[in-house]
Amino acid sequence: MALWGRRSLGALRLWGPGGERPGPVRAPQSPQSRVWRPVCAGADGVRARAATEPRWREPGSVIGGRRAISLSVGASGIFGSGGNSEKEKLSLQDIAELIRVRACQKVVVMVGAGISTPSGIPDFRSPGSGLYSNLQQYNIPYPEAIFELDFFSHNPKPFFTLAKELYPGNYRPNATHYFLRLLHDKGLLLRLYTQNIDGLERVSGIPTSKLVEAHGTFASATCTVCRRSCPGEDFWADVMADRVPCCPVCTGIVKPDIVFFGEPLPQRFLLHVVDFPMADLLLILGTSLEVEPFASLSEAVRSTVPRLLINRDLVGPFTWRPRSRDVTQLGDVIHSIERLVELLGWTEEMQDLVQRETGKLDRQDR
Ligand code: CNA
C-alpha cells in the first residue's frame with residue numbers, strides 16, 4: 001500500500017511462461033510509457049505470461065481449456081460490435097439494467113481510499129482532508145516514509161500511530177461497502193480487489209474468499225526478525241497503549257501484514273490472472289488509480305467488457321485511454337451508489353441490510 005506517487009509496490013513477482021524464476025516488474029513512469037501489464041491466464045491455468053505477449057483474450061477465445069464468456073445476452077444490444085459512436089455509449093442506467101437482468105453476473109470490483117472517506121477515514125490525495133495534507137501529526141520527514149521498511153526499522157512509531165487510528169471498530173462500513181456486500185449476497189460478485197487497509201470490506205460481511213486485499217491487512221502480523229506470524233488481535237493491546245509490539249519469541253518488532261515499499265504483494269493478488277479475463281463487468285470505485293501494479297488491473301478486462309468508474313474525478317485510463325463501453329459517474333461515491341441502487345430496484349433490500357448490520361455492530365460495541 002501506501003504510495004503517494006505513480007510508484008510501484010516493489011517486487012510483485014510473476015512467473016513466466018516457461019516456469020522460469022520470478023522477476024520483478026517495473027511500474028510505468030507515465031501512462032504513455034506503461035511497461036507493466038497484468039498477465040492473463042495461460043492455457044494451463046493461472047500461470048502468468050510475459051508482459052510483452054498479446055494482451056487480453058476476446059470473447060469466444062479459449063481460457064484455461066474452457067470457452068471464455070461470450071456476452072451474447074440480448075440486453076438492449078448493449079454489447080454491440082464496438083466502435084465509438086455516441087449512439088453506443090452506455091449510461092449508468094444501462095449498467096444497472098445489465099446487472100438487473102443478469103447479463104452481467106461476474107462482476108469484478110476495484111476500490112480505493114475514496115470509498116472509505118464517507119466512513120471518516122481520510123484518503124491520501126484529496127486536497128485539504130487527505131492524509132497527504134495532514135502529516136504533521138505523524139512527525140515524518142516525507143509522506144512515503146510511513147510505509148518504508150528502512151524508516152520503519154529506525155522509527156516504527158509513526159506507522160503504529162496510523163495503525164491505532166485505523167483500529168478495527170473505530171470506523172464503520174458505509175453504503176458503498178454494503179452495496180458490494182449486496183452484490184455478493186446476490187451471487188454477482190466475482191471478486192473485490194481493494195487497496196484499502198481499513199478492513200471495512202470484512203466488517204461489512206463480505207467473506208475473505210471474495211476479497212483480494214492487495215495492499216495487505218491488519219488482520220495478521222509478522223515478526224520482522226524471526227518471521228513468526230500471529231493474528232492481528234495479538235498486537236492490538238500494545239498498539240492501543242502506544243507501545244511498539246514485540247515478538248514474544250525473539251523480541252523483534254512485529255509488523256502488521258501491510259505491504260510496504262519493496263515488499264511483494266500478497267499471493268492472492270495473482271488471482272487477477274483468472275478473475276479479470278472472466279469478468280463481464282468492472283466497477284472501479286473511489287481510487288485515483290495512481291498506484292501500480294494495482295492501477296493497471298483497470299485495463300485487464302476484455303475490451304468488450306463495460307467499465308464503470310464512480311469517483312470524484314476522472315482518473316487513469318478513463319482519462320488517457322477511454323474505451324467505448326466506459327461509463328463514468330463523477331461526484332460523491334455515496335450519491336452515485338444510492339442512484340445505482342435505486343436504478344437496480346434494490347433500495348429496500350439495501351435499507352434492510354444496512355439496518356441489520358448496523359444493529360450487529362451496535363450490539364458488538366456494547
Ligand atoms: P487516493 O490516491 O487517495 O485516491 C482516492 C480517490 O478517491 C481520489 O481520486 C478521490 O478524488 C476519490 N474520493 C475520495 N473521496 C471520495 C468520495 N467521497 N466520493 C468519490 N470519490 C472520492 O487513494 P487510492 O486508494 O487510489 O490510493 C491507493 C493508496 C491509498 C493505497 O495504498 C491505500 O492503501 C491507501 N489508503 C488507504 C486508506 C484506507 O484503507 N481507507 C486510506 C488512505 C490511503
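The values are calculated or read from the model by the stated rules, or taken from the named source; none is laboratory data. Keep in mind that what you see is a predicted model, and the values were worked out from it rather than measured. Positions of Cβ are backbone-derived with ideal geometry, glycine not excepted, and every protein chain shown enters the neighbour counts.
For a quick check of your reading of the model, give me the residue pairs whose first member lies in segment 93-122 and is under 18 Å from V333 (Cβ atoms) and hydroxyl-bearing (S, T, Y), whose second is in a helix (DSSP H, G or I) and near the ligand (Cβ under 10 Å from one of its atoms), with beta-carbon atoms closer than 9 Å and at least 6 apart or on different chains.
Once the first residue is under 18 Å from V333 (Cβ atoms) and hydroxyl-bearing (S, T, Y) and sits in segment 93-122, its partners that are in a helix (DSSP H, G or I) and near the ligand (Cβ under 10 Å from one of its atoms) give S116/T176; S116/L200; T117/V333; S119/T176; S119/L200.
Buried (at least 21 other Cβ atoms within 10 Å of the Cβ) and within 15 Å of the ligand (Cβ to nearest atom): does that describe L289?
Working: buried (at least 21 other Cβ atoms within 10 Å of the Cβ): yes; within 15 Å of the ligand (Cβ to nearest atom): yes.
Considered against the rule, which asks whether it is buried (at least 21 other Cβ atoms within 10 Å of the Cβ) and within 15 Å of the ligand (Cβ to nearest atom), L289 comes out as yes.
Report every pair of residues separated by at least 6 positions or lying on different chains whose Cβ atoms are under 7 Å apart, first residue within segment 278-303 and of a type in the set (K, R), second more than 16 Å from the ligand (Cβ to nearest atom) and modelled with pLDDT under 95.
R302/W56; R302/R57; R302/E58; R302/P59
Can you find, within segment 235-253, the residue that is surrounded by the most Cβ atoms within 10 Å (Cβ to Cβ) among those that are of a type in the set (V, I, T) and outside any loop (DSSP other than H, G, I, E, B)? Give the derivation first.
Going through segment 235-253, the residues of a type in the set (V, I, T) turn out to be 239, 244, 249, 251, 253.
Checking which are outside any loop (DSSP other than H, G, I, E, B) leaves us with 239, 253.
Details: V239: 23, I253: 17.
Among those residues, the one meeting the criterion is V239.
Would you confirm, using the coordinates I've provided, whether I253 is in contact (Cβ under 8 Å) with a residue 24 or more places away in the chain and either within 16 Å of the chain's Cα centre (by Cα) or within 16 Å of the ligand (Cβ to nearest atom) (or both)?
Considered against the rule, which asks whether it is in contact (Cβ under 8 Å) with a residue 24 or more places away in the chain and either within 16 Å of the chain's Cα centre (by Cα) or within 16 Å of the ligand (Cβ to nearest atom) (or both), I253 comes out as no.
Tell me which residues, restricted to segment 109-141, are more than 6 Å from the ligand (Cβ to nearest atom) and among the hydroxyl-bearing types (S, T, Y).
Those that are more than 6 Å from the ligand (Cβ to nearest atom) and among the hydroxyl-bearing types (S, T, Y): S119, S129, Y132, S133, Y138.
Counting just the residues of segment 271-284 that are in contact with a Leu (Cβ under 8 Å, 6 or more places away or on another chain) and hydrophobic (A, V, I, L, M, F, W, C), which one comes out farthest from the ligand (Cβ to nearest atom)?
From segment 271-284, those in contact with a Leu (Cβ under 8 Å, 6 or more places away or on another chain) are 272, 275-276, 278-284; that's our starting set.
Right, trim to hydrophobic (A, V, I, L, M, F, W, C) and you get 276, 278-279, 281-284.
Details: F276: 18, M278: 24, A279: 20, L281: 19, L282: 15, L283: 13, I284: 10 Å.
Here the answer is M278.
If you take the residues in segment 304-326 that are near the ligand (Cβ under 9 Å from one of its atoms) and in contact (Cβ under 8 Å) with a residue 60 or more places away in the chain, which one is surrounded by the fewest Cβ atoms within 10 Å (Cβ to Cβ)?
R312
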